[in-house]
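First up is the structure itself, then whatever we jot down about it.
The values are calculated or read from the model by the stated rules, or taken from the named source; none is laboratory data. Nothing here was measured: the structure is a model prediction, and the numbers come from that model. Virtual Cβ from ideal backbone geometry, glycine too; neighbours counted across all protein chains shown.
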Amino acid sequence: MHPPPLLPIFVLVLTLTACSPHEGDEAGECSDGADNDRDGLWDCNDPDCSGAPECAGDTGLDEYISSAGVTWDAVAGGGVTTCGIQSGGQTWCWGSDEYNQASPPGSSLGQVSVSFHHSCGLDLDGQIRCWGCGGDYDNGQCDAPEGAWAQATAGTSHSCAVDAEGVAECWGCGNDFGQCDPHDDRYSQISAGSQHSCGVSASGSVLCWGDEDKGATDAPEGSWTQVSAGKWHSCAVAADGSIDCWGCLGDADGEPFDHGQCQAPAGSFSAVATASYHSCGLATDGSLACWGCFGQEGDDDVDLGQCSPPAGSFTALAVGKYHGCALRDDARILCWGNDYFGQISPP
């Protein structure tokens, strides 16, 4: 009897050894957008590319800025998509458009909010416009109610809005954890997260509702000005400018939900934004601070540069799963972190 052929083993060896030992070993590897040595870092983010001509003067992070001469009024991020509103109300989105979440309507918008499978905004008359919800991710979160609204927010599978009287309404919630059932109160601001929502009441307290397992709905007492609901946690800005975060409890199959995204730094802040593995704050002096990105989820490193914001002076802040964007004081958008879907490459 002849022995079995060795070809399958030979092919397997080729497959396992096809990557470069180090990023930059071959021409173009420091600018091709690929993790050639499969160490979780690529291009100028990988120390192996230090000194490469294409990385000359690079900060060690992927950072992209919007085109000169174009001014922006707002920026929003979520999942792996980013949207911005140019002066005059024209809205542009970039990054993943797998569910049409990066294909805004033609109407001018005054506000926009982005999540994984959809986005929502307010037109100049206060009407809610939602887009996306393609494929198997339509839970009704794009079926916005009629009327005039003061603010709209897009969560993973639901949306919420607040009208001029402070009345909150949420919709979607095909996977119902109670995130569409706001407390009977009046709100000045609201935020839809993954499986929970939070809002700042007219009295200044923070109220949260939805999935209680990770502690993300256990809002602290106090007086607050703004709240942001993330995936497993929430953060809020207090009346004195400090930030407090809560949630991040427990683990799934031994993998923690706490990646440091609840460990807010000291300082004075005007805004906070939360994502899956990190949070960021806009300080009152215009600088940015981000925290989290510790450890891994499964076998994947959760730090893809999104916790290392650029220096500068900014007026607005947005974050996604692996990226962040902010509006500079010259009205240009600057983004950082992972750009696999083009989510940090504004027009």
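Would you be able to say whether some residue in region 275-290 is among the β-branched types (Val, Ile, Thr), assigned to a loop (DSSP other than H, G, I, E, B) and in the same structural domain as Cys198 (by TED's automatic domain parsing)? Within region 275-290 (the criterion being among the β-branched types (Val, Ile, Thr), assigned to a loop (DSSP other than H, G, I, E, B) and in the same structural domain as Cys198 (by TED's automatic domain parsing)), the answer is yes, since at least one residue qualifies.
One residue stands out in region 97-147 among those that are among the polar types (S, T, N, Q) and over 22 Å from Leu317 (Cα atoms): the one that is modelled with the lowest pLDDT, namely Ser107. For region 277-304, a residue qualifies if it is of a type in the set (S, T, N, Q) and surrounded by fewer than 24 Cβ atoms within 10 Å (Cβ to Cβ), and the qualifying residues are Thr284, Ser287, Gln296.
A search for C-beta distances below 7 Å between a residue of region 149-172 that is more than 19 Å from Gly230 (Cβ to Cβ) and any residue that is assigned to a loop (DSSP other than H, G, I, E, B) and among the polar types (S, T, N, Q), counting only pairs 6+ apart in sequence or on different chains, returns Trp171/Gln141. Out of Gly320, Gly305, Gly324, Gly312, one residue alone is modelled with pLDDT of 95 or more and farther than 16 Å from Thr82 by Cβ. It is Gly312. Does Ser191 qualify as being under 22 Å from Leu282 (Cα atoms) and among the hydroxyl-bearing types (Ser, Thr, Tyr)? Considered against the rule, which asks whether it is under 22 Å from Leu282 (Cα atoms) and among the hydroxyl-bearing types (Ser, Thr, Tyr), Ser191 comes out as yes. Scanning region 243-273 for residues that are in contact with a strand residue (DSSP E or B) (Cβ under 7 Å, 6 or more places away or on another chain) and outside any strand (DSSP E or B) yields a total of 11.
Every condition in (1) of a type outside the set (A, V, I, L, M, F, W, C); (2) within 21 Å of Arg332 (Cβ to Cβ); (3) assigned to a loop (DSSP other than H, G, I, E, B) holds for Gln111 except the one numbered (3). Of all the numbered requirements in (1) without any contact (Cβ under 8 Å) to a residue 60 or more places away in the chain; (2) under 22 Å from Cys93 (Cα atoms), Pro347 misses one, and that requirement is (1).
Within region 310-347, restricting attention to residues that are assigned to a loop (DSSP other than H, G, I, E, B) and among the polar types (S, T, N, Q), the residue that is farthest from Ala154 (Cα to Cα) is Ser313. Test Cys307 against the criterion of being buried (at least 22 other Cβ atoms within 10 Å of the Cβ) and not in a loop (DSSP other than H, G, I, E, B), and give yes or no. Answer is no for this residue. Residue count for region 251-269 satisfying the condition of being modelled with pLDDT of 95 or more and more than 18 Å from the chain's Cα centre (by Cα): 5.
Here are the criteria: (1) over 27 Å from Ala283 (Cα atoms); (2) surrounded by 24 or more Cβ atoms within 10 Å (Cβ to Cβ). Tell me which single one Glu212 does not satisfy. Of the numbered conditions (1) over 27 Å from Ala283 (Cα atoms); (2) surrounded by 24 or more Cβ atoms within 10 Å (Cβ to Cβ), the odd one out for Glu212 is (2).
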